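**Q** Can you read through this structure? Questions will come right after.
Since every read-out is calculated from the coordinates, none of them should be taken as a lab result. Everything numeric in this text was worked out from a predicted model, so none of it was measured. As a convention, Cβ positions derive from the backbone with ideal geometry for all residues, glycine included, and neighbour counts pool all protein chains shown.
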Amino acid sequence: MTCKLSGVAELPGFAWHCEPPAWGFDGDGLFIEPAALTDFWQRTHYGFSADNGHFFFTRLTGDFVVSATVRSKPRHQYDQAGLMIRQDAECWIKTSVEFEPEANDRLGVVVTHHGYSDWSTQDLTAEANEISFRVARTGSEFIISARLANADWTQLRMVRLPCDPAGPLAIGPYACSPKAAGFRCVFTELSVDQSSNVSR
């Protein structure tokens, strides 16, 4: 299933974890304007737990490949939008670009399991107003990739989660603004393939 999100009034089977104050479908796609002080993070290094980001999800069982394309206009440090795979508040993956006003943006993956998050990052030196993210699931194992517009997929991470290999997981776009409101992003495409076949 590949959805061009422009002009779609709703997606069957999708729901919100923490519905944002402003969102909807316009001619470009699903837009989200996150609330201030929203994030997904658990404990490591910073000491806080946050589970109030905006996550538009459906549930899938078994193997899958899910991808999403997002256009962003960040304003504040750590503004982010990307793709999330989630079992519960203490077991999930998110992948996105996090905005750094005075430095290179950070293309990265946060993996949270047993209640603690880790964050792998790389500098994104190219201007990335549009980027696609992809997560491929095979049982309890996940391959996370990203690509800029008109570029090839680049693998960012391979990881195993402590989840039922055939059990349901929530999947979908997410966005948050850990510092302040004013960020807007638009998801223009969402693709879901219920297999684990990934072409590089």
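**Q** From the phi angles alone, apply the Karplus equation (6.51, -1.76, 1.60; θ = phi - 60°) to segment 92-97 and give each ³J(HN,Hα) in whole Hz, x where the residue is Gly or Pro.
**A** The phi angles translate into 6, 10, 9, 9, 6, 9 Hz.
**Q** Right, here's the next one. In whole percent, what relative contact order does segment 2-193 give with Cα contacts below 8 Å and a gap of six or more residues? Mind showing how you got there, number by number?
**A** Details: 543 pairs, mean separation 62.8, N = 192.
The normalised contact order for segment 2-193 reaches 33 percent.
**Q** Something else now. What FRET efficiency do you get for residue 75 and residue 118 if R0 is 35 Å and r is their Cβ-Cβ distance, rounded to the nearest 0.05?
**A** 0.85
**Q** What full-extension length gain, to one decimal in nm, is calculated for residue 128 and residue 180 as 0.36 nm per residue of separation minus the Cα-Cα distance?
**A** Working: separation 52, 0.36 × 52 = 18.72 nm, distance 2.09 nm.
Working it through step by step, the gained length comes to 16.6 nm.
**Q** Sticking with this structure for a sec: Looking at the square roots a ≥ b ≥ c of the eigenvalues of the Cα gyration tensor of segment 139-200, which shape do they give, rounded for a/c under 1.5, prolate if a/b is larger than b/c, or oblate?
**A** Oblate shape, in that a/c is at least 1.5 and b/c is the bigger or equal ratio.
**Q** If you add up the charges near residue 77, with Lys and Arg at +1 and Asp and Glu at -1, over every other residue whose beta carbon is less than 10 angstrom from its beta carbon, what do you get?
**A** -2
**Q** Kindly state, to the nearest 0.05, the FRET efficiency for residue 154 paired with residue 52, given R0 = 41 Å and r defined as their beta-carbon distance.
**A** Using R0 = 41 Å, I get an efficiency of 0.85.
**Q** Still on this structure: Once you place label points 7 Å from the Cα toward the Cβ at residue 37 and residue 18, how far apart are they in nm?
**A** 1.2
**Q** Using per-residue counts of other Cβ atoms within 10 Å, averaged over each peptide, order 59-67, 162-170 from highest down.
**A** 59-67, 162-170
**Q** Please give the FRET efficiency for residue 195 paired with residue 102, using the beta carbon to beta carbon distance and R0 = 45 Å, rounded to the nearest 0.05.
**A** That pair, residue 195 with residue 102, gives E of 0.60.
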